[in-house]
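Asker: Let me give you the structure first, and then I'll get to my questions.
Each value in this text was obtained by applying a stated rule to the coordinates, not by laboratory testing. Remember, it's a predicted structure, so these values are computed and weren't measured experimentally. Positions of Cβ are generated from backbone atoms using ideal geometry, with glycine treated the same way; all protein chains shown enter the neighbour counts.
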């Protein structure tokens, strides 16, 4: 091992010296040291962390963090540095082979399975999300170009969507995956439109129906595949990540049949850089069951022959700031949820928010807004 390689911890027996040295050398290429003194360094509290990481990938690393087996003061920067090196791109532990095969061979986002993410993630409780998010409960990336805080960033994003869709008073708009109704409420209040929103989360639907009962909004607990009406415009903000590669074409066909001729469809989604990629096993198990990030090519395949791509806007770097703001709110509000959720949940949620912030910072994943039309905008589309 080179003399510059990080030293192994000496306060507990080393279970497998070779694995420790291998992990130490890998991390060194990202300027991360084991038991170093920089905020992004990995500090071990148990000897088996390297073995868990190598044998189970991010699933093992994340579960070890949840167990308190390791720490990093700046967990977001730990992941940003690690992912910039692309060290993990070609690491596929054999024990993760079934995880890869199930995503490639099975439709994990069929109608029966699709509701699982609503039950596991979005139905955690409205009070919990209200403490972490902005006042409209916008659980998607903000737009920070001129924003000084989370509230401004989310309002800027919502207004940008309305402008990109060319909304006008009296239009009827569909929101596929409406969440807590942030886009619908903003569009109704500021652009005078009527909206129908579909969600698979009963908590979201109940909260939005009560809060926005004074607006011309309809919230449905409904799968997107069951919508069969026509609308002047369609938005889908942060839902396509749950559709799954086997359903992308079906999703686009639904949008196509529901969009009036001359209307616009805005798709806001996180995306990956590599087509043949597998969802992260830790995120799949603990945060977003059966989630599947699309590549630009997969979206292109799905819209082929159905839509004209009028505009494609990437502001993925802004998700870093959004996630860090959510994390700050989460940590501030944690005392009111500690007794109910427990320390293991806190570490799980911290790992989720900060690892994702690091991934966006490293530009390992992206945030796209696609504007689509059925036949092409005459004389061209202008933002």
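Asker: Kindly put 285, 157 in sequence by how many other C-beta atoms sit within 10 Å of each C-beta, fewest to most. Please list the in-between numbers first.
Answerer: Details: 285 14, 157 27.
In order of increasing Cβ crowding within 10 Å: 285, 157.
Asker: In degrees between 0 and 90, to the nearest 10, how far off the longest principal axis of the chain does helix 202-211 point, with axes built from Cα atoms?
Answerer: 50
Asker: Something else about it: Per-residue counts of other Cβ atoms within 10 Å, averaged by peptide: what ranking do you get for 294-300, 339-345, 181-187, highest first? Don't jump to the answer; show the numbers that get you there.
Answerer: Numbers: 294-300: 17.4, 339-345: 11.6, 181-187: 26.0.
So the peptides 294-300, 339-345, 181-187, ranked by packing, come out 181-187, 294-300, 339-345.
Asker: So how far, in whole Å, is the C-alpha centre of the range 250-293 from the one of the range 308-383?
Answerer: After rounding, the separation between the Cα centres reads 14 Å.
Asker: What is the gain in length, in nm to one decimal, between residue 257 and residue 296 on full extension, counting 0.36 nm per residue of separation less the C-alpha to C-alpha distance? Before the final figure, lay out each step's value.
Answerer: Working: separation 39, 0.36 × 39 = 14.04 nm, distance 2.23 nm.
Extra length available between residue 257 and residue 296 comes to 11.8 nm.
Asker: For the chain, count the residues as N, evaluate 2.2 N^0.38 Å, and divide the Cα radius of gyration by that value, please. Show your work: numbers first, answer last.
Answerer: Values: Rg = 21.8 Å, N = 383, 2.2 N^0.38 = 21.1 Å.
With N residues counted in the chain, Rg over 2.2 N^0.38 Å equals 1.03.
Asker: Right, next: Using label points projected 7 Å from each Cα along Cα→Cβ, tell me how many nm separate residue 285 and residue 220, to one decimal.
Answerer: A separation of 3.7 nm, rounded to one decimal place.
Asker: Going by how many other beta carbons lie within 10 Å of each one, how would you line up 373, 146, 236, fewest first?
Answerer: On the way: 373 19, 146 8, 236 23.
Lowest to highest Cβ neighbour count: 146, 373, 236.
Asker: Additional query: Return the FRET efficiency for the residue pair residue 306, residue 328: r is the Cβ-Cβ distance, R0 is 51 Å, and the value is rounded to the nearest 0.05. Don't skip to the answer; put the middle values down first.
Answerer: Numbers: r = 41 Å, r/R0 = 0.80.
Plugging the Cβ-Cβ distance into 1/(1 + (r/R0)^6) gives 0.80.
Asker: Here's a follow-up. Quick check: the angle from helix 317-333's long axis to the longest principal axis of the chain, C-alpha only, nearest 10 degrees?
Answerer: For helix 317-333, the angle is close to 70 degrees.
Asker: The range 286-383: percent of C-alpha pairs farther apart than 21 Å? Show your work: numbers first, answer last.
Answerer: Working: 2470 of 4753 pairs.
Pairs farther apart than 21 Å: 52 percent.
Asker: Using the alpha-carbon atoms, what tilt in degrees (0 to 90, nearest 10) does helix 49-66 show relative to the longest principal axis of the chain?
Answerer: With both axes taken from Cα atoms, the answer is about 60 degrees.
Asker: For the range 184-331, what does the equivalent ellipsoid look like in terms of its semi-axes, each the square root of 5 times an eigenvalue of the Cα gyration tensor, given largest first in whole Å? Intermediate results must be reported in sequence, preceding the final value.
Answerer: Numbers: eigenvalues 121, 101, 50 Å².
Its equivalent ellipsoid spans semi-axes of 25, 22, 16 Å.
Asker: In addition: Using a basic spin-label model with each label point 7 Å from the Cα along Cα→Cβ, how many nm lie between residue 363 and residue 86?
Answerer: 1.2
Asker: Quick one: pull the percentage of alpha-carbon pairs in the range 17-91 with a separation above 21 Å. Write out the running numbers ahead of the final one.
Answerer: Details: 352 of 2775 pairs.
Tail of P(r) above 21 Å: 13 percent of Cα pairs.
Asker: Go ahead and estimate [θ] at 222 nm for the chain from helices alone: -39,500 (n - 2.57) per DSSP H run with n ≥ 4, summed, over the residue count, rounded to 500.
Answerer: Values: 14 runs with 161 residues, N = 383.
Result for the chain, helices only: -13000 deg cm²/dmol.
Asker: For 355, 213, which order do you get if you count the other beta carbons within 10 Å of each Cβ and list the fewest first?
Answerer: On the way: 355 25, 213 8.
Final ranking by Cβ density, sparse to dense: 213, 355.
Asker: Now for a different question. Evaluate E = 1/(1 + (r/R0)^6) for residue 189 and residue 43, where r is the Cβ-Cβ distance and R0 equals 51 Å; express this FRET efficiency to the nearest 0.05.
Answerer: Working: r = 48 Å, r/R0 = 0.95.
Computed FRET efficiency for residue 189 and residue 43 comes out at 0.60.
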